Amino acid sequence: MMTFDFHKNSKLKTGLVVLLLISLVFTSGTVFSHAATSSSTAASSVTMLLASMGVISADSNGEYNLSKTVTRAEFAKMLIMASGYKDLVNTTSSSSLYKDVLAKYWAAPYIKIAVSNGLMSGYSDRTFRPDSTVTLEQAVNSVLILLGYTAEDFTGAFPAAQMNIYYSNGLSANISGGIGTLLTKGDVANLLYNMLGTTVEDGSQTYAESIGYTLNESGEVDYAQIVSDNMTGPYTVESSYWAYELGMDTSSLTIYKNGNLIEASDVNPYDILYYSQSKDTVWVYDDKVTGVYEDATPSQNAVTSVTVSGTTYSIESTAAFAALSSSGTLKIGTAVTLLLGKDGGVADAVSATAVNDDIIVYVTETGTKTYTNSKGKEYTSDYFAGIRPNGTSIEYTTDEGWIEPGDLVKVSFDSDGDMSVSTTSNGGGITGIADASLYTIGTTSIATTATILDANLGNYCKTSMSRLDGVKFTSGDVLYYEATGGKVTMIILDDVTGDTSQYGVVTSAHSSSGSSSESGTYKYMLDGITTTLKTSDYSLGVGGGAAEFYGESGEITHIKNLYQAGTKVLKFSSTTLTVNDDIGTYPISADVAVFHLSSGTYKASTLTDAISAWNSNKTVKFYYDEKPINGGQIRVIIYQ
């Protein structure tokens, strides 16, 4: 259902006012286990969540400084922003309760609310000591008061009773130290997170529920609601003055683009923007789809979804409705650019020539299909389908006969809506060793939320920096990349990991040569299933045993034998293998294929059984595709 908002800014198209939903699944007590011990510029889902709540924020360098100790003033703000008092903050406070907290001091409004409601207190000399570091027991006392505990619940001298409740109620999860411990920003974040899921003193509900938040089916706090609270959007950015037009100061904003922390200068025309004025946070998305506007459902007079180049998208804003309906400027049959919002719906739409963006596609499939036009008439056309650098699929009809799976192409539209396709590349310059801890490849920074695809022969898989850790990148390993804010946000690799192939065993192989052709018959086992591959015009030259299987667009047309790792196994676990060769240590693939060979017959087995066989001094052999520094892993294990 669409809700219409007719209050339009002159330079920003106002769309449907929606709540931005970010699907986050956290396990209670583990959310900040890493964050509490490190400083990070990474805009992880956790830091995005806390920033959206206003509990934490990044400094001018994008650092969250989670290992830095927290002052009493900083704690007052974090405490209030995580509480039911957050909506009472008046940042133009004109009074001060303490001689060392001036009315114009940045934390004065938060300190005033905390003190007025008994959550914190000053000292007998009429000071608050805002720059002193907050201790664990001070923070625990404040949290317990929020939870509804009073002096009657605390027996004995401070803070023994408070600390007993702190430990018994699970508030201590992922926080080290005891009485007197100076808290870090990460510690406070852990404490406040734990507080949200803790039952209030009377046992009626969790604290989160008591301040208006809901729980999901797992009984955990529904963080999507927290993130979406007081958020407005989508808006289409049309000028560099977007912040001014929204009444916001870029110097105080925390801005994320596709999940990455950015500067205001990285917000571009035709980006889709959501914002929260109360939290000084902006979320920006630049996912665009360009193609031919083929159909409107149920009609262009009352459009709720549109089909562009074979894919259907839902309308989610008045701006998109106005542009794509019969009264709009975009007509069926013309080239359009859909501006997609956070949830993948159409937040706005413009002529393809207005944005003038080329579309990069890694081709995964080509062929011929039957389509239906806007008048319901069927027609047949060649097409190519592929994956975009951001990981989304797209398909285009075409009359270009040269396009093949594995091609990286650029799709462009002219002013008449005519499409052109050409080969492209933008992979130069990224070389060096991948470091997952630093999120770098050589000297190139990789965003923690980057989409990383590894591709080969029209096949692709999503991968990660942890998978690439230690791999040496050379020229040609990167087919394409895009960067925002100085960090790579999308990258397509050229068969760096080998993970697009399948791995198993050749159970029998026969190759023959003739005067004018070669042929072969090969039986192989993958996932416990035996299959035969016959080649009529070429010989694979492969023997029996561990092998790699691959081919264009998922079809197996080629087989290559693997290399055996060492002859003496020094250490063997579920994740690594250490042997007596020049490589030494190999990572074991997460989906390593294991076989039991008995009397010349292979039978699919498990990694656990292979480890047991090795521990029992049975013969166990290990096979890899490439050296680990080149992305290789142990792919096949055979034991007897």
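Sticking with the crude label model, points 7 Å out along Cα→Cβ, report the distance from THR304 to SER475 in nm, one decimal please.
Simple spin-label model gives 5.6 nm for this pair.
For a Förster distance of 22 Å, can you work out the FRET efficiency between the beta-carbons of SER67 and TRP106, rounded to the nearest 0.05? Please list the in-between numbers first.
Working: r = 22 Å, r/R0 = 1.00.
Rounded to the nearest 0.05, the efficiency is 0.50.
Counting Lys and Arg as +1 and Asp and Glu as -1, each charge on the Cβ, what is the dipole of the stretch 455-553 about the Cα centre in debye, to the nearest 20? Can you show the working numbers first?
On the way: 6 positive and 11 negative charges, 37 e Å.
It works out to roughly 180 debye.
Assign one of three labels to the stretch 408-553, namely rounded, prolate or oblate, based on the Cα gyration tensor with a ≥ b ≥ c the square roots of its eigenvalues; rounded applies when a/c is under 1.5, prolate when it is not and a/b is larger than b/c, and oblate otherwise.
Taking the square roots of the gyration eigenvalues as a ≥ b ≥ c, the stretch 408-553 is oblate.
Would you calculate a helix-derived [θ] at 222 nm for the chain, using -39,500 (n - 2.57) for each DSSP H run of n ≥ 4 and dividing by the full residue count, to the nearest 500?
The per-residue figure over the chain is -4000 deg cm²/dmol.
How long are the three semi-axes of the equivalent ellipsoid of the stretch 75-155, in whole Å, if each is the root of 5 times an eigenvalue of the C-alpha gyration tensor, listed from largest down?
For the stretch 75-155, the semi-axes come out at 21, 15, 11 Å.
What does the convex hull of the Cα atoms of the chain come to per residue, in Å³, rounded to a whole number? List each step's numbers first, then the result.
Details: hull volume 131.7 nm³, N = 640.
For the chain, the hull spanned by Cα atoms encloses 206 Å³ per residue.
Taking only the alpha carbons of the stretch 273-312, what extent do you get along each of the three principal axes, in Å, biggest first?
40, 21, 11
At 0.36 nm per residue, minus the direct Cα-Cα distance, what do ASP414 and GLU217 gain on full extension? Give it in nm, one decimal, please.
Going from the current span to full extension adds 66.0 nm.
Viscosity 0.692 mPa s, temperature 37 °C: Stokes-Einstein D of the stretch 501-640 from its Kirkwood Cα radius, in µm² per second?
It diffuses with D of about 210 µm²/s by this estimate.
How much FRET efficiency would the formula 1/(1 + (r/R0)^6) give for SER121 and SER251, where r is the Cβ-Cβ distance and R0 is 41 Å, rounded to 0.05?
The formula returns an efficiency of 0.80 here.
Write down the Kirkwood hydrodynamic radius of the stretch 262-351, to one decimal in angstroms, obtained as one divided by the mean of 1/r over all alpha carbon pairs.
After inverting the mean inverse Cα-Cα distance, the result is 13.5 Å.
What is the calculated FRET efficiency for LYS603 to THR199, with r their C-beta to C-beta distance and R₀ = 56 Å, to the nearest 0.05?
Step by step, r from the Cβ atoms, then E = 0.60.
Just to be sure I understand: if I project the alpha-carbon convex hull of the stretch 153-304 onto a plane and average over all orientations, what area do I get in nm²?
Orientation-averaged projected area of the Cα hull: 14.8 nm².
May I ask you to compute the full-extension gain from THR575 to ILE556, defined as 0.36 nm times their residue separation minus their alpha-carbon distance, rounded to one decimal in nm?
4.1 nm
Once label points are set 7 Å from the Cα along Cα→Cβ at both TYR538 and SER168, what is their separation, rounded to one decimal in nm?
The answer from the label model is 7.3 nm.
Using only the Cα atoms, work out Rg/Rh for the stretch 434-483, with Rh taken as the Kirkwood radius, to two decimals.
Looking at the stretch 434-483, the ratio lands at 0.93.
If I take every Cα pair under 8 Å that is 6 or more residues apart in the stretch 285-441, average their sequence separation and divide by the length, what percent do I get for the relative contact order?
Computed value for the stretch 285-441: 19 percent relative contact order.
Given contacts defined as C-alpha pairs under 8 Å and at least six residues apart, what's the relative contact order of the chain, whole-number percent?
Values: 1375 pairs, mean separation 55.5, N = 640.
After rounding, I find 9 percent.
TYR213: accessible area at probe 1.4 Å, nearest 10 Å²?
20 Å²
How charged is the neighbourhood of GLY345? Take every other residue with its Cβ under 14 Å from the Cβ of GLY345, and add Lys/Arg as +1 and Asp/Glu as -1.
Summing Lys and Arg as +1 and Asp and Glu as -1 gives -2.
May I ask you to compute the full-extension gain from CYS461 to THR380, defined as 0.36 nm times their residue separation minus their alpha-carbon distance, rounded to one decimal in nm?
Taking 0.36 nm per residue and subtracting the Cα distance, the gain is 26.2 nm.
The values are calculated or read from the model by the stated rules, or taken from the named source; none is laboratory data. What you are looking at is a predicted structure, and each value in this text was computed from that prediction instead of being measured. All Cβ positions, glycine included, derive from the backbone under ideal geometry; neighbour counts span all protein chains shown. These accessible areas exclude ligands, DNA and RNA; they are computed on the full protein's heavy atoms, side chains included. Shrake-Rupley method; radii C 1.70, N 1.55, O 1.52, S 1.80 Å.
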